[in-house]
Every structure is written in C-alpha cells, then in structure tokens.
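Accompanying notes for the structure given below.
The values are calculated or read from the model by the stated rules, or taken from the named source; none is laboratory data. Bear in mind that the values here come from a model prediction, so they are computed numbers and not experimental data. A quick note on method: Cβ atoms are made from the backbone with ideal geometry, for glycine too, and the neighbour counts reach across all protein chains shown.
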Ligand SMILES: [Zn+2]
C-alpha cells in the first residue's frame, strides 16, 4: 500500500512537470520547482527520469542569462513518442493519423466503409490502427479514438446507430489486438479537448459544436470535460426546435440536427430552403440558455467553413447576445476552430496524452 501511494505521488509529480512544460515551453529545473511547488531535489530526480525515458532533452542555456552559472533548460521532445489517433465520425470512411506529442500530424491513413457496420466495422477500425502503428516513427504511447455515439467512462460505445454499434467494447478489443493503452471517447468530446489543449485558447469554459453528418457538442467547464450522469452531455443535436418539421433518424420530429447538419445546410442552400442566417438564429435560441447557465467564455464551431463561418456564425453570435444578460455575454467569443478537419484526430491524441502523461 505504501509503495503504491509513493508510486501515485511520483506519477502525479511527474505529470505536474510535464503539464508545465506543455503549457509554458522549455524551463530550467529552478523554474519547474517554483512553478510546481516541488523541491529542487525532487524536480532534479524527476527530470532525470524523464530525460532517461527520452521524453525531455537538455536545451542548453538561455541567451540572456546573467552572471554566474546559467541554468540549463529542459524541454519536451515533440517526437519522443507518437500516438495512433482514429476519427470514426465521417459517414463513408474511417480516418486515422500518427500524431506527435505537440499534436502535429505525422502520417495519415484511412479506410472506406463501403456500407460496413457491426463487427465488420470493428475489424476495419482495428486494421486501420494496426496500419498506423506500423507507420509511427517513434515508440507508440497509445491509441486514441473519437467515435460517434454515446461512450461510457470505460470506453464502451453504448450506442452509435450509424455503425450499428450497441455495447461495443472497442477499447478492450483494440487493447487486446494492439497491446497498447487505448482511450475511446465521443467525437465531439474529443474535439473540445483538442480545442482546449491545442486550439490556442486560454478559455477554461467552452463549448465546441461539431457540425457534420450529425450535430454534437463537447463541453469543458472549469477546465474539465463534462460527461453527464449517463455519458450523454453535449447531445444537443436531438433537441426539438421545429415540431412541425422533418422526421429525424432518431424518431423525433424537427430535431436541431434536421436543420443544422451539413447535408441539410447544403440542401437548404441548393433548393432555397432555410437561409444560413435563420439557422444561426435557431441555434442561438438553443445555445443562449446554455451560455447563460454556465457563463461560457467561448462557443467554437467545427465543420465546413463555407457553411458555418459567415451568416450562420454571425446570426448565432447576435442571437445569443440578444437573449442573455450583459454579464453573460461581455467576454463571449463565438468563433471557428482553427484545427479544421483534424479536430477529432488531435483530440483523440489528447485522450492519450492526458491518460498516459497526465497532461491536457
Ligand atoms: Zn433527432
């Protein structure tokens, strides 16, 4: 028991150091001691271990150092380890990448679904992960997966209807086949983690809305992912916004998804349907109470920029501001994600970084 606790403490201290280096860049051992509150001796010991593991390297001394023995900086090595990341959310294929510790994509692969679902789709995902592991140019830290559907805390996919998955333990299957740590989460949840870690934001309270074949949201509040008591936080795509509207795949009529999904937006443009500005206003009506209830700092849109980054975003921004009190919207930012189509892949890598190294 004592030994286990000591191991836990060491792991926690190690992640404090990695966390600081991720967020702030290279630092001296003295900087790290100040920032983490650990003693110099503990920091030197932990940094020694991280250097031996190849995660850090010595970077020499800062140019502006004053008289006396200048401190040596240590920093993370971006390619010390690679991560296999999968995005299972596109309609017709599964896409994957090898991602380094800085969230940069180093290699890509994908596989066409050709109508596959159920066990066959599981086999395709395993095959794709195996191919990417071969393509990695460094030891693989783990496998991260962003999947459509509701995923529980153990990484079991409870329900992803387009892949005909219910109760699929993709985490366990991948772990057994690849013998690596595996993390599986909902695609919108992985996307908001990517935004939080690598989107260049300082906000700790944000919602990311992912608009593709479906509509989903991921929420980070107080710097932590919100998952909900039944793991379905962020599932706003099936909130009814037009009770006289179209029947949705979920069985209800007039869900947000039936006007906001990318295919519906494109259809509307082509056939003179609901204008993008009007969709933005409907979305604003759905999001305003959420922004007000949680005092969100940012609402981030991820999806096709030609559909989202114009009238729709502006109308959404206007509508939310109109409907909430000034204190709620004073610092509100409504913007596009800079991570583009890679947002889920990068988020899948963040799952592994956070699970294996304690950084996020
Ligand atoms: Zn629905």
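A residue that is within 19 Å of the chain's Cα centre (by Cα), closer than 26 Å to residue 155 by Cβ and surrounded by 13 or more Cβ atoms within 10 Å (Cβ to Cβ) occurs somewhere in segment 21-29.
When you check residue 240 against the structure, is it surrounded by fewer than 18 Cβ atoms within 10 Å (Cβ to Cβ) and either within 16 Å of the ligand (Cβ to nearest atom) or farther than 25 Å from residue 340 by Cβ (or both), yes or no? It is true that residue 240 is surrounded by fewer than 18 Cβ atoms within 10 Å (Cβ to Cβ) and either within 16 Å of the ligand (Cβ to nearest atom) or farther than 25 Å from residue 340 by Cβ (or both). One residue alone among 245, 216 is within 16 Å of the ligand (Cβ to nearest atom) and not in a loop (DSSP other than H, G, I, E, B), and that residue is 216.
Every residue, every condition in (1) surrounded by 15 or more Cβ atoms within 10 Å (Cβ to Cβ); (2) more than 18 Å from the chain's Cα centre (by Cα); (3) modelled with pLDDT of 95 or more, yes or no:
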| site | (1), (2), (3) |
| --- | --- |
| 68 | no, yes, no |
| 71 | no, yes, no |
| 81 | yes, yes, no |
| 101 | yes, no, no |
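Conditions tested, residue by residue: (1) crowded, with 23+ Cβ neighbours inside 10 Å; (2) farther than 28 Å from residue 233 by Cβ.
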{"residue": "95", "(1), (2)": "no, no"}
{"residue": "107", "(1), (2)": "no, yes"}
{"residue": "145", "(1), (2)": "yes, no"}
{"residue": "156", "(1), (2)": "no, no"}
{"residue": "159", "(1), (2)": "no, no"}
{"residue": "167", "(1), (2)": "no, no"}
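For the residues 59, 46, 55, the requirement of being buried (at least 18 other Cβ atoms within 10 Å of the Cβ) and in contact with a strand residue (DSSP E or B) (Cβ under 7 Å, 6 or more places away or on another chain) singles out 55.
Scanning segment 129-154 for residues that are over 20 Å from the mean Cα position of the chain (by Cα), under 23 Å from residue 55 (Cβ atoms) and in contact (Cβ under 8 Å) with a residue 40 or more places away in the chain turns up 133, 136, 137, 138, 139.
Among residues of segment 84-94 being more than 15 Å from the chain's Cα centre (by Cα) and at pLDDT 95 or above, the one that is farthest from residue 200 (Cα to Cα) is 93. Restricting segment 290-326 to residues that are free of Cβ contacts under 8 Å to residues at least 12 places away in the same chain and more than 23 Å from residue 342 (Cβ to Cβ), the residue that is surrounded by the most Cβ atoms within 10 Å (Cβ to Cβ) is 321.
State which residue is farthest from the chain's Cα centre (by Cα) when the search covers only segment 206-224 and only residues that are at pLDDT below 95, surrounded by fewer than 22 Cβ atoms within 10 Å (Cβ to Cβ) and closer than 23 Å to residue 316 by Cβ. Per the criteria, the residue is 213. For residue 228, the conditions (1) farther than 26 Å from residue 204 by Cα; (2) more than 15 Å from the ligand (Cβ to nearest atom) are fulfilled apart from (1).
Quickly run through segment 251-286 and pick out the residues that are surrounded by fewer than 15 Cβ atoms within 10 Å (Cβ to Cβ), within 16 Å of the ligand (Cβ to nearest atom), at negative phi and free of Cβ contacts under 8 Å to residues at least 40 places away in the same chain. Correct list: 253 only. Looking only at segment 141-154, residues that are at pLDDT 95 or above and part of a strand (DSSP E or B) come to 7 in all.
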